[in-house]
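Below: one structure, written as structure tokens.
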Amino acid sequence: MKIGSVQFYKRLILTCIALMIIVPTGLCIHFAVKNSELNREVEALSLIKENIYVDEQWFASAKQTFFLDENKTEYSLEYQELYPDLYVERNEEMFDDVPNSVYLTFDDGPSPVTKDILKVLKEKDVKATFFVVYNDSSEAAELLREIAEEGHTIGVHSTTHIYSQIYSSVEAFLSDFEMTATWIEEVTGNKPEIFRFPGGSINIYNEGIYQTIIAEMLRRGYLYYDWNVDSGDAARFYSKYSIYNNVVKDIDKKDKAIVLFHDSLQKKGTLQALPDIIDSLKASGKTILPLTNQVKPITFSYIN
Ligand SMILES: [Zn+2]
């Protein structure tokens, strides 16, 4: 193609037209994207501004409602002043997790089957964790002592186990917790350091209050443990086979498992399944251990 030929000018004109279309279109797209980015930023900034406003208002009313003496330089919430002995030492730096570990936990005891559970654990040479419910009978105290003497961990579960009552306020939770914690200490001579929330740390009864309760309990040094393996023995219908399967089926996928069982007369299937569960866990190379506050907790995640 010769410069100056008709074909040359044709190409030149076509190229110019193409450029006249492509360049403005490209610029349009670029600025449209930029514009929407800036819009989003403005929106986010105004949201933040709104939140600051709400928080300031909340803070002013909270100060009036919850905080003690206005003249104090350091404010504390009233419930923080309750039960001055309800504190334990904790050192989060010292978490000491064992790989491939399983923690068997039993809620709601002591019960008429506690003795049998202890027998199985002893035969299999395994230590577990019991999250107990307050019981003022001498039989229950005897069982509690036996659990402790056998080297298992005892944690607080509840005094009343009535969800609507326990989760009605932070004060109600502390009062329920304190009675069982004191009972455990009086009977066994050891202060419990860990606990399990009735119904798990996040449930339909404690919506709106669980963050406050968790914060207060952590401030007092207590660690709580939910579970990542549910034996399913709380369900209305179960068999020793379903309990066994629920525990062992996915256990190999977990480097650390906290298993939920119940220690209760109605849960005989748990007792029946327990020996096979322990054998199977051992056969797959798991280390079965009791919980202590040196184990990093497994907890349900916050909804927001
Ligand atoms: Zn329970």
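The values are calculated or read from the model by the stated rules, or taken from the named source; none is laboratory data. Treat the numbers as computed from the prediction; the structure is a model and nothing was measured. Ideal geometry is used to build each Cβ from the backbone, glycine not excepted, and the neighbour counts take in all protein chains shown.
Structure values in brief
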read-out	value
Neighbours by Cβ (under 9 Å, 6+ apart or cross-chain): first from the range 135-148, on the phi > 0 side of the Ramachandran plot; second of a type in the set (Phe, Trp, Tyr) and in a loop (DSSP other than H, G, I, E, B)	none
The range 208-222, subset assigned to a loop (DSSP other than H, G, I, E, B) and touching a residue at least 40 places away in the same chain (Cβ under 8 Å), residue nearest to residue 140 (Cα to Cα)	222
Unique match (being within 16 Å of the ligand (Cβ to nearest atom), among the small types (Gly, Ala, Ser) and surrounded by fewer than 12 Cβ atoms within 10 Å (Cβ to Cβ)) among 164, 137	164
Some residue of the range 116-124 being buried (at least 17 other Cβ atoms within 10 Å of the Cβ), within 16 Å of the ligand (Cβ to nearest atom) and not in a loop (DSSP other than H, G, I, E, B)	yes
Residue list for the range 234-257, restricted to those being surrounded by fewer than 16 Cβ atoms within 10 Å (Cβ to Cβ) and touching a Gly at 6+ places or on another chain (Cβ under 8 Å)	239
Neighbours by Cβ (under 8 Å, 6+ apart or cross-chain): first from the range 94-108, in a strand (DSSP E or B); second within 16 Å of the ligand (Cβ to nearest atom) and of a type in the set (Gly, Ala, Ser)	103/128; 104/128; 105/128; 106/128
Members of the range 270-304 that are hydroxyl-bearing (Ser, Thr, Tyr) and either at pLDDT below 95 or touching an Asp or Glu at 6+ places or on another chain (Cβ under 8 Å) (or both)	270, 284, 292, 299, 301, 302
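This table checks each residue for (1) part of a helix (DSSP H, G or I); (2) outside the structural domain of residue 112 (by TED's automatic domain parsing); (3) within 14 Å of the ligand (Cβ to nearest atom); (4) surrounded by 23 or more Cβ atoms within 10 Å (Cβ to Cβ).
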| position | (1), (2), (3), (4) |
| --- | --- |
| 126 | no, no, no, no |
| 132 | no, no, yes, yes |
| 174 | yes, no, no, no |
| 178 | yes, no, no, no |
